[in-house]
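The next block holds one structure in the form of C-alpha cells; read it before the comments.
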Amino acid sequence: MDIRRATTVTELLAAGHLYDAAPREVWAARFLAADGHVLLIAYVDGVPAGFVSGIEMLHPDKGTEMCLYELGVDAPFRRRGIGRALTLALVDIARERGCYGLWVGVEHDNEAALATYRSAGAGDDGGARMLVWEFGDGATAAGH
C-alpha cells in the first residue's frame, strides 16, 4: 500500500469510485486550490483503494484544528488496515501543520468507523448531535 497526497484534478477524478457520488472537475479543482484542504489516496498495486479528506478549521480563540471530513475504502480492500493507515497519515499531517487536534463526526451505530478511528488512537468525547441545514442538491450552491 502506498499513501499519497492528491495534488492534481486527475488524481481526484481517478479515485471517483471511492466517493459517495461522481466527482466534478470544477469542484476537484476548487478543493485542491483551497488552503487547508487535504485529500490522501491509498493505492494498492497502483489502484486507488481508499481515501481520507481533511479540512483545517481556524477560530480566533482556539487556533487551528483538523476535521476528518470523510474516509472511504473500496469494498474489496476493507479489513486490511487501509482506513487506519489513512487516518494515521491525516493525524500526522495535522500535527505537522500545527493543529491542536483532529476530530471526526461518526454516527453512533457505525461500528466499522468507530473501530477504525479508535484503532488509530481516537477517543470518544461522550457524544454529540449533528444538526444540518440543507440547501438542495449542492449543484448550484457549491458551483459558484
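The values are calculated or read from the model by the stated rules, or taken from the named source; none is laboratory data. Everything numeric in this text was worked out from a predicted model, so none of it was measured. Here Cβ is always computed from backbone atoms with ideal geometry, including for glycine, and neighbour counts include all displayed protein chains. When the accessible area is computed, the model is the full protein with side chains, heavy atoms only, and any ligands, DNA or RNA have been set aside. Shrake-Rupley method; radii C 1.70, N 1.55, O 1.52, S 1.80 Å.
The table below lists the values:
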| read-out | value |
| --- | --- |
| Longest segment of the chain lacking chymotrypsin sites (Phe, Trp or Tyr not before Pro) that sit in a DSSP loop with at most 12 other Cβ atoms within 10 Å | 1-99 |
| In the range 46-144, the GluC sites (Glu not before Pro) that fall in loop regions by DSSP, at most 12 other Cβ within 10 Å | 107, 134 |
| FRET efficiency for residue 111 and residue 70, using Cβ-Cβ distance with R0 set to 25 Å, rounded to 0.05 | 0.90 |
| Potential extension, residue 100-residue 34 segment - 0.36 nm per residue separation minus Cα distance | 21.7 nm |
| Inverse mean reciprocal Cα-Cα distance (Kirkwood Rh) of the chain, Å | 16.2 Å |
| MRE, 222 nm, helices only [DSSP H, n ≥ 4, -39500 (n - 2.57), over the chain, to nearest 500] | -8000 deg cm²/dmol |
| Average accessible area per residue (Å²) across the chain - probe 1.4 Å, nucleic acids and ligands excluded | 66 Å² |
| Extension gain, residue 132 back to residue 1 (0.36 nm per residue minus Cα-Cα distance, nm) | 43.6 nm |
